Amino acid sequence: MVIKKIDIVFVTSNKGKVEQANERLNRYGINILQQTASVSEIQSLDVEEVALHKARQLEGVIKKPFFVEDSGLYIDQLNGFPGALLKPVMDTIRDGHLLKMLSGEENRSAYVKSVMAYYDPESKTEKLFTGIYKGRISEEERGNNTRGWKVARIFIPDNFDKTLAEMDDNDWARTLEESRKDDHFYKFGEWFSENNP
């Protein structure tokens, strides 16, 4: 039996993220199409607010069901900084300077929060899906395989000793599997399957 694939647009310029989304959502009969669009980004530590603001700018512009994604890095010792300001912070001070802010600190706990803001223009459905990935900040930048994640060289997921950027495909798959129930793509796929049988 052939399962009919449903196309959903991922609005991003990052091809690595599109590949990742296809890997995770393929099992639900969802085919991800990439589209770029220019949107403004509000300055907020709240990643849900940022993702929703982006999606609402595209309502009426993109004719197929679509989603945008935004991520934030929340470091305990820095009171949740940089949060949703991750991109401008990493583009300006980069990994190394962020690590300097934690120099000598024992508590290096952190988590990445990724939010998908989904919109279906036909049904006018608007929904947020949030994924939480717990871990810690490394003491130095390690690895080169970032897969489009700005924090990949400094973020070590729980139950691992490697940064995301040091992981091979097997480690990466295991990380995704361990965090699957907290993953925004998983939550979206499950919801989509239930509501689009």
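Every number in this text was worked out from the coordinates using simple rules, so none of it is lab data. All values derive from a computational prediction rather than experimental measurement. Ideal geometry is used to build each Cβ from the backbone, glycine not excepted, and the neighbour counts take in all protein chains shown.
The charge dipole of the stretch 1-86, taken about its Cα centre with unit charges on the Cβ of Lys, Arg, Asp and Glu (plus for the first two, minus for the last two), comes to roughly 600 debye. The alpha carbons of the stretch 84-197 stretch over 51, 31, 24 Å along the principal axes, in descending order.
Take the Cα of S193, go 7 Å toward its beta carbon, and the backbone nitrogen atoms of the stretch 2-40 under 18 Å from that spot belong to 2-8, 21-32. Counting only DSSP beta bridges whose two residues both lie in the stretch 6-195, roughly 75 percent are antiparallel.
Annotation for S44 and T146: the two label points, set 7 Å from Cα along the Cα-Cβ direction, are 2.6 nm apart.
Shape call for the stretch 152-197 from the C-alpha gyration tensor, a ≥ b ≥ c root eigenvalues: rounded (a/c under 1.5), prolate (a/b greater than b/c) or oblate? Here the stretch 152-197 falls in the prolate category.
If one takes the longest principal axis of the Cα atoms in the chain, at what angle in degrees, from 0 to 90 and to the nearest 10, does the Cα axis of helix 184-195 lie? On a 0 to 90 degree scale, this one is about 20. The Kirkwood radius of the stretch 6-195, taken over pairs of alpha-carbon atoms, gives through the Stokes-Einstein law at 37 °C and 0.692 mPa s a diffusion coefficient of 192 µm² s⁻¹. In the stretch 6-195, a dipole from Cβ-located charges (positive for Lys and Arg, negative for Asp and Glu) runs towards its positive end, and of A117, L78, A173 it is A117 whose Cα lies farthest in that direction.
Among residues other than T125 with Cβ under 14 Å from its Cβ, the summed charge is -1 (Lys and Arg +1, Asp and Glu -1).
The tail of the calculated P(r) for the stretch 7-51, taken as Cα-Cα distances beyond 13 Å, holds 61 percent of the pairs.
Quick one: net charge of M90's neighbours, Cβ under 12 Å, K/R +1, D/E -1? Around M90, the surrounding residues sum to +1. A convex hull fitted to the Cα coordinates of the stretch 66-128 yields 76 cubic angstrom per residue.
So, counting K/R as plus one and D/E as minus one, what does the shell of residues with Cβ under 15 Å around E166 add up to? Charge balance in the 15 Å sphere: -2.
Only Lys, Arg, Asp and Glu carry charge here, each on its Cβ (+1 for the first two, -1 for the last two); on that basis the chain has a dipole of about 540 debye about its Cα centre. Computed over the alpha carbons of the stretch 1-102, Rg followed by Dmax gives 16.3, 55 Å.
Anyone know which of E59, E48, E177 comes out most mobile in the 10 Å Cα GNM of the chain? Residue with maximal mean-square fluctuation among E59, E48, E177: E177. Ordering M167, M101 from the fewest to the most neighbouring beta carbons within 10 Å gives M101, M167. Annotation for the stretch 31-58 versus the stretch 143-190: alpha-carbon center distance of 22 Å. As a length-normalised measure over Cα pairs under 8 Å and 6 or more apart, the relative contact order of the stretch 6-195 settles at 19 percent.
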